[in-house]
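Written below as structure tokens is the structure these notes are about.
The values are calculated or read from the model by the stated rules, or taken from the named source; none is laboratory data. In this text, all values refer to a predicted model and were calculated from it rather than measured experimentally. Virtual Cβ from ideal backbone geometry, glycine too; neighbours counted across all protein chains shown.
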Amino acid sequence: ALWLFACFPKQKVLPYIIAQFAGAFGGALLAYVLYSSLFTEFETAHHMVRGSVESLQLASIFSTYPAAALNVWQAALVEVVI
């Protein structure tokens, strides 16, 4: 969309997309490194095993998961509003 509607140079589209992905992964890695001791402490306090269903609560800091109470239309509306 940026290339089509904002006169963004075509040759910069792929590097821009790669940079966006690298920035997202770099930010997540930085958050993990800075808070890893707190993650371990939280897992120990709540008797969690990484990779188990119970650990999804902790994993949700890096992404979002659909709420079970929302139907498809409500979830779509949330995505449009956000």
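Answer yes or no: is there a residue in the stretch 52-72 that is in contact with a Ser or Thr (Cβ under 7 Å, 6 or more places away or on another chain) and either of a type outside the set (Phe, Trp, Tyr) or free of Cβ contacts under 8 Å to residues at least 12 places away in the same chain (or both). No, the stretch 52-72 has no match at all. All conditions but one from (1) closer than 20 Å to Ile82 by Cα; (2) assigned to a helix (DSSP H, G or I) apply to Thr40; the one that does not is (1).
Report whether or not Leu58 is out of contact with any strand residue (DSSP E or B) (no Cβ under 7 Å at 6 or more places or on another chain), aliphatic (A, V, I, L, M), modelled with pLDDT under 85 and surrounded by 10 or more Cβ atoms within 10 Å (Cβ to Cβ).
On the way: out of contact with any strand residue (DSSP E or B) (no Cβ under 7 Å at 6 or more places or on another chain): yes; aliphatic (A, V, I, L, M): yes; modelled with pLDDT under 85: yes; surrounded by 10 or more Cβ atoms within 10 Å (Cβ to Cβ): yes.
So Leu58 passes the test.
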